[in-house]
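**Q** Provided herewith is a single structure, encoded as structure tokens, for subsequent inquiry.
The values are calculated or read from the model by the stated rules, or taken from the named source; none is laboratory data. This structure is a prediction, so every number in the text was calculated from the model and none was measured. A quick note on method: Cβ atoms are made from the backbone with ideal geometry, for glycine too, and the neighbour counts reach across all protein chains shown. When the accessible area is computed, the model is the full protein with side chains, heavy atoms only, and any ligands, DNA or RNA have been set aside. Shrake-Rupley method; radii C 1.70, N 1.55, O 1.52, S 1.80 Å.
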There are 2 protein chains.
Amino acid sequence: MEETEMTNEEKMKSAFKSGAAFEVGEPNPYGEYFTGQSYLKMLEKDKDLGAINVTFEPGCRNFWHIHHGRNQILLCVAGEGWYQEEGKPAQLLKPGDVVNIPTEVKHWHGATKNSWFSHIVPGVDDPSATVTWCEPVTDEEYDKLEDQR
Amino acid sequence: MEETEMTNEEKMKSAFKSGAAFEVGEPNPYGEYFTGQSYLKMLEKDKDLGAINVTFEPGCRNFWHIHHGRNQILLCVAGEGWYQEEGKPAQLLKPGDVVNIPTEVKHWHGATKNSWFSHIVPGVDDPSATVTWCEPVTDEEYDKLEDQR
């Protein structure tokens, strides 16, 4: 049998996938607004209603951003992550946690430093829903959270 | 310390909840269309978009029914269940499985005989979405599935 060599990154992704129920998908096409590697899987799309699984590698998080026109719901399904609104303490997220992100609130979300993290985002087509992407979460801001755990 | 006596049913619900990530909620207000005990938890509602967790005790399933106007998406999050469309073999469901139930197709879903089962249903307010409830899934139909596993 021919052996296929896996990189460390592939091995880690494979290990996470074997424990995570929902499909991880492909590298996130919106990766330019993320620090580190993330993945995206459209689980299902039914007319205007869909559900997307977003997976973050350890240390990966999205940039500060603001939703306009429509809240965003996060259904945490695997691993361990962070959610932080500007000016507030970060919340540690685990499977089963549900976050309702209000409109017009600057925030970010992502994995913890040592864990992968996946959340499902149910979504509905809504032309009034837009996002303003802001600056990255600095290593200093991010590392501080881990120190405070 | 005062001891509180739990019924067997409460003990089983408690055991399942300790392993299931998402909240199980309260007895299902639509229970009249279900065989056995089910639970319902509105996880979040954001304007017209919501996500509901439905949990079935072992052996519990809903009646045959038909969705009109809008498909229904099931995101399986805990335990083991069945989904069956009329005239087709039933599908065994596990966490991570996603089902897109077409409109106008008679079907049912529920737990397997020996496992609890939870699925999340992302939903959007849609006045055109209605349900026709039909007859219960008979014990004969249900037990046959288990025999064929």
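**Q** How big is the equivalent ellipsoid of the protein assembly as shown along its three axes, where each semi-axis is √(5λ) from the Cα gyration tensor, reported in whole Å from largest to smallest?
**A** 35, 22, 21
**Q** Additional query: Report the semi-axes of the equivalent ellipsoid for chain B in whole Å, largest first, where each axis is √(5λ) for an eigenvalue λ of the Cα gyration tensor.
**A** 25, 20, 13
**Q** What residues qualify as long-range amide H neighbours of A:Glu44, i.e. H under 5 Å apart, gap of 5 or more or another chain, H built at 1.01 Å from N?
**A** Counting only residues 5 or more places away or on other chains, the set is A:Ala51.
**Q** Moving to a separate point now. How high is the FRET efficiency between B:Met12 and A:Lys11 when r is their beta carbon distance and R₀ equals 35 Å, given to the nearest 0.05?
**A** Rounded to the nearest 0.05, the efficiency is 0.35.
**Q** Calculate one ³J(HN,Hα) per residue across the range B:126-137 by plugging θ = phi - 60° into the Karplus curve 6.51 cos²θ - 1.76 cosθ + 1.60, and present them in order as whole Hz with x for glycine and proline.
**A** Each residue's phi maps through the Karplus curve to give 8, x, 7, 8, 9, 10, 9, 8, 10, 6, x, 6 Hz.
**Q** Counting only residues 5 or more places away or on other chains, whose amide H sits under 5 Å from the amide H of A:Arg70 once H atoms are built in the peptide plane?
**A** Here the answer is A:Thr130, since their amide H atoms fall under 5 Å of that of A:Arg70.
**Q** Compute the accessible area per residue over the range B:46-107, keeping the other protein chains in place, probe 1.4 Å, unit Å². Please list the in-between numbers first.
**A** On the way: 2030 Å² over 62 residues.
Accessible surface, normalised per residue, equals 33 Å².
**Q** A further question follows. Which value, in square angstrom to the nearest 100, describes the accessible area buried between chains A and B on both sides, using a 1.4 angstrom probe?
**A** It comes to approximately 2200 Å² buried between A and B.
**Q** Can I ask one more? Quick one: go through the range B:113-149 and flag any residue whose amide nitrogen is under 17 Å from the point 7 Å out along the Cα-to-Cβ line of A:Lys47.
**A** Within reach of a label on A:Lys47, which here means backbone N under 17 Å from a point 7 Å along Cα→Cβ, the range B:113-149 contributes B:121-132.
**Q** Against the 2.2 N^0.38 Å scaling, with N counting residues, where does the range A:79-149 land? I'd like the Cα-based Rg ratio to two decimal places.
**A** Working it through for the range A:79-149, the quotient is 1.18.
**Q** A further question follows. Quick one: which of A:Lys17/B:Lys45; A:Lys13/A:Lys113; A:Lys41/A:Lys94; A:Lys88/A:Lys113; B:Lys41/B:Lys144 span more than 21 angstrom between C-alpha atoms? Walk me through the numbers on the way to the answer.
**A** Values: A:Lys17/B:Lys45 29 Å; A:Lys13/A:Lys113 15 Å; A:Lys41/A:Lys94 19 Å; A:Lys88/A:Lys113 19 Å; B:Lys41/B:Lys144 30 Å.
Check vs 21 Å cut-off fails for A:Lys17/B:Lys45; B:Lys41/B:Lys144.
**Q** Next question. Placing unit charges on C-beta atoms (Lys and Arg positive, Asp and Glu negative, everything else neutral), compute the dipole magnitude of chain A about its Cα centre in debye, rounded to 20.
**A** Working: 14 positive and 26 negative charges, 94 e Å.
Once rounded to the nearest 20, the dipole reads 460 debye.
**Q** Under a 5 Å amide H to amide H cut-off, with H placed in plane at 1.01 Å, what residues pair with B:Trp116 once short-range neighbours are removed?
**A** Excluding prolines and chain starts, which carry no amide H, the hits are B:Glu80.
**Q** Also, quick follow-up: Toward the positive end of the charge dipole of the range B:30-149, about the Cα centre and with charges on Cβ (Lys, Arg +1; Asp, Glu -1), which of B:Thr132, B:Thr35, B:His109 goes farthest?
**A** Value computed over the given set: B:His109.
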